[in-house]
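Below: one structure, written as structure tokens.
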Amino acid sequence: MATCAKVLIDGASNDLAFSYLMPEGNLFEEADKTEVAPGSRVLVPLRGREALGTVMALEEVDLDQLSYNLKPISKVVGDQPFLTPPLLKLADWIAGYYMSSTESVYRTMLPKPARGREEKSKKAKEVRLTQAGKQTDGVDKIPKTAKKQVEAYLHLYERDDHEIGVLLSEMTGSVGFGRSTISGLEDKGLVEVVDVIVDRDPTGDQIFIASQPLKLNPQQEVVLDQIKEVSGPDLEKPPKPILLYGVTGSGKTEVYMQAIQHVIEMGMGAIVLVPEIALTPQTANRFKQRFAEIQNEVAILHSNLSEGERHDEWKKVLDRKARIVIGARSAIFSPIDKLGLIVVDEEHENSYKQDINPRYQARDLAVVRGVLEKCPVVLGSATPSLESWKNVDIGKYELAKMEQRVDDRALPIIRILDMKLEARKQGGGLCILSSKLREAMQVRLDEGEQTILFLNRRGFSRSILCPECGYVADCKHCSTTMTFHQADDKLVCHICGFAQLPPRKCPECGSKAIVNSGFGTERVEEELRKMFQGARIARIDTDTMRKKNALRDTLDAFKAKKIDIIIGTQMIAKGLHFPNVTLVGMLNADTGLHIPDIRAGERTFQLLTQVAGRAGRGELEGEVYVQTYTPHHPAIQFGRHHDFIGFAEQEMEMRKMFGHPPYVHLMVVTARSKNQELAEFSLKNLHHKLKENLPEEISLTEPLPSPLVKSHDQWRFQVVMKAVKSKAIGRHVRSVMKTMTFPEEVIVTFDMDCYSMS
Ligand code: ADP
Ligand code: ZN
Ligand code: ZN
């Protein structure tokens, strides 16, 4: 018998692992760490080359029973396993639940620089293929006579993962090419030499002065005690997650910080997840300040870090030098040892769901990880997701409430403007700014106060709306908005598949003015410049904010009162604090309602609540204007009264009635390809197989074009599956997939608990 390692090779699409013997001799840099363990990154021989992989498990193998010889691991990367035992278990869970390969989950869990041949903490130069170099015809760009260049190019090209380069020192050293050969390839645009690691702390040169814990008010006390009660090492069983429903400004962050302090004092660590857009330097600094005495113990992970920085932050955690992690979605994979608390702030945020493979939902993973590590999980929000609300209902989560603001300031007044009346006043058609909002803006300009206008871009112009009566084409089976498909002149429901001809005139009022309801930020900006000549106007959306620091610069200028009016998308809906803003306008509260999305009402309510939170943050009182064609929609009415519980009650009832999430799990299966027929044909095939022996507990739609039928040059077709138990769907899909193959040009994806139907 011998101890062997089951190694999952990088890039393996199936979960096949190979067995290897333990490495010969001590391969570690540090003599006291010599063991290969589950989670170790290793280099192994594979079919005449070397490959990187991850040790999934150790096993005892009877070598005499084997008809072939096992080879030993050739090298261990780094000085310890990169994935901890709970993370390996979490990876298994993710692969199973979200139907992705275990390898792709491992890859997601590690920062890129940690996936190479060396654990690189130092600055190094790496030779990498450029986009041109990754093309199959790349080699043709090198003259045949330049043999060394061809060889060097192929050395890079024939690797498994084109994203991973080779260290320059390795190319010119052990591999044996001259620097001039590499330069030749650089000149042809096939490779580039890049710095891979910058050894830098993203907040390195800042000095933080420790902030003292505030004296909590009674409602904060209660919640902190509730968390403390279920915290501690060696808990017998995992505590129930706590849903903290606390209005904006109720002091949730302060409670999180004191709870973290408590677990740190017990020698444990904590993870705080925040939505990417909310992870501003202000948020990060608040935590850095509070824990300034142990400053290096706070690691910050967000997508604006360079790869080197990201790696270094991760490494601090792995080396147990940082015990607190503040980060966006992927921070849930931080290798914290002795995890004592996970906080998910703004737990309702959609950005916790990853929209590429593996399509995990970080909030849900927080709960799973909490079970695996027996640690408390706190989910906080002023507008909890209905998924979490339901879990409180059925006793899976505990509820904690903070319904008062710390400063006792009243929430701003929200005025609803009926755009149907406005359209009639302005002579029909689509109207961007109502006269009331316009007047209110003029007052602000005269007073030297500031205005923020929001434009909801979701579902942009794909629904059909009557500007005279507010009618929107809804599916009679699902009560979600139908999507207009211009190509075949049809309205389609993307939840159940029901299709019909679009109305030529409004079925409610007979108006022929029925239109697509969209306009963009650019249009609005144009309109504003005409209306308010001389006003200083800035636009914030993904187009104008491409340049690094553009967002920060614009916001700084706004803060310094160099801008009067900001028009922006939901990019600016949260977290910002501008005391001089006394007016917030929401231009098209409806667009978010009329999308083929079960959560459309919920999201509109959330957006309204957040947007309202932007007004009146200072001494001056704030006002919010909401333009809508459907002023009586529950999301708008409950939003207006800041009534989350009322909204949740009625929305849940509707979800239950129509059999929508959170009462069911929903999986979208999509086939996509550059070739329309192949995509459609493959999906139909799959649908046919799914329909055979379909368990009774699962419902399945007919094959349909996706709401975004063509995207990135690829045609997309989909079916939707629903069931009360997620496992039922997983089991069925897996058993069907075993029997199927697809053409190479077709990609089939599975999106469990899908959030955006596109
Ligand atoms: P939330 O996260 O719920 O929006 P915060 O924790 O950011 O609320 O608190 C809002 C503001 O109130 C912050 O400026 C914070 O410093 C302050 N604050 C929080 N708790 C207290 C307290 N107990 N006493 C005084 N000020 C507090
Ligand atoms: Zn009408
Ligand atoms: Zn429907």
Problem - Lys pairs, the stretch 122-198 - Cα-Cα below 26 angstrom, 8 or more residues apart or on other chains - result: 15
Practice task
Towards the positive end of the charge dipole of the stretch 122-198, with charges on Cβ (+1 Lys, Arg; -1 Asp, Glu), say which of Ala132, Phe177, Gly189 has the farthest Cα.
Solution key: Phe177
Fill in the blank from the handout: Expected vector for the stretch 352-368, Karplus 3J(HN,Hα) from phi with 6.51, -1.76, 1.60 and θ = phi - 60°, integer Hz, x for Gly and Pro, equals 6, 8, 7, 9, 10, 5, x, 8, 7, 10, 4, 4, 5, 5, 4, 5, 5
Exercise for the section: Evaluate the charge dipole of the stretch 351-500 about its Cα centre and quote only its size in Debye, nearest 20, assuming +1 on the Cβ of each Lys and Arg and -1 on the Cβ of each Asp and Glu. Expected result: 260
Problem - Largest-first principal axis extents, alpha carbons of the chain, Å - result: 85, 64, 57
Exercise for the section: Quickly work out the Asn14-to-Met654 label distance, labels modelled 7 Å from Cα along the C-beta direction, and quote it in nm with one decimal. Expected result: 4.7
Fill in the blank from the handout: The answer for Asn357, listing residues at least 5 apart or on another chain whose modeled amide H is closer than 5 Å to its amide H, is none
Completion exercise
Pairs over 31 Å Cα to Cα, from Lys420/Lys559; Lys512/Lys674; Lys237/Lys390; Lys425/Lys530; Lys436/Lys512, come to Lys420/Lys559; Lys512/Lys674
Fill in the blank from the handout: Mean shadow area (nm²) of the C-alpha convex hull around the stretch 122-198 is 4.9
Practice task
Just name one of Gly48, Met99, Cys4: the one whose Cα is farthest towards the positive end of the charge dipole of the stretch 1-114 (beta-carbon charges, Lys/Arg +1, Asp/Glu -1).
Solution key: Met99
Problem - Solvent-accessible area, 1.4 Å probe, carbon plus sulfur percent, for the stretch 234-391 - result: 47
Problem - Rg in Å to one decimal, and Dmax rounded to a whole Å, for the stretch 2-115 via C-alpha atoms - result: 13.9, 40
Fill in the blank from the handout: Magnitude of the Cβ-charge dipole (Lys and Arg +1, Asp and Glu -1) of the chain about the Cα centre, nearest 20 debye, reported as 1460
Fill in the blank from the handout: In Å, the Kirkwood estimate of hydrodynamic radius for the stretch 318-405 over Cα pairs equals 14.0
Exercise for the section: Taking 7 Å along the Cα-to-C-beta vector as the label spot, tell me the Arg424-Ile747 distance in nanometres, rounded to one decimal. Expected result: 5.0
Practice task
For Asp446 paired with Asn304, estimate the spin-label separation in nm (one decimal), with each label point 7 Å from Cα along the Cα-to-Cβ line.
Solution key: 3.8
Exercise for the section: Taking H placed 1.01 Å from N in the peptide plane, check which residues at least 5 places from Leu301 or on another chain put their amide H under 5 Å from its amide H. Expected result: Ile326, Gly327, Ala328
Problem - Packing-based ranking, highest mean first, of 282-289, 381-388, 329-336 given that Cβ atoms within 10 Å are counted - result: 329-336, 381-388, 282-289
Practice task
Working from the alpha-carbon coordinates of the stretch 218-407, get Rg over Rh, Rh being the Kirkwood radius.
Solution key: 0.93
Practice task
Report, to the nearest 10°, how far helix 218-229 tilts away from the longest principal axis of the Cα atoms in the chain, using its own Cα long axis and a range of 0 to 90°.
Solution key: 20
Exercise for the section: Mind checking the per residue accessible area of the chain for me, 1.4 Å probe, whole number of Å²? Expected result: 45
Handout entry: Helical mean residue ellipticity (222 nm; -39500 (n - 2.57) per DSSP H run of 4+; nearest 500) of the chain
Key = -9000 deg cm²/dmol
Exercise for the section: Give the whole-number value, in cubic angstrom per residue, of the convex hull volume spanned by the C-alpha atoms of the stretch 360-503. Expected result: 221
Practice task
Please report, in debye to the nearest 20, how large the charge dipole of the stretch 665-752 is about its Cα centre when each Lys and Arg carries +1 at its beta carbon and each Asp and Glu carries -1 there.
Solution key: 300
Completion exercise
Carbon/sulfur accessible area of the stretch 122-198, % of total, 1.4 Å probe, equals 50
Exercise for the section: Compute the Cα gyration tensor for the stretch 652-758, then decide on rounded, prolate or oblate, letting a ≥ b ≥ c be the square roots of its eigenvalues: rounded whenever a/c is under 1.5, prolate when a/b is larger than b/c in the other cases, and oblate in all that remain. Expected result: oblate
Problem - For Gly246, distant residues with modelled amide H under 5 Å away - result: Ser381, Ala382, Met402
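The values are calculated or read from the model by the stated rules, or taken from the named source; none is laboratory data. Quick caveat, the model's predicted, so the values are computed rather than measured. Glycine also receives a Cβ, built like all others from the backbone with ideal geometry; neighbour counts cover every protein chain displayed. Heavy atoms of the whole protein, side chains included, go into the accessibility calculation; ligands, DNA and RNA do not. Shrake-Rupley method; radii C 1.70, N 1.55, O 1.52, S 1.80 Å.
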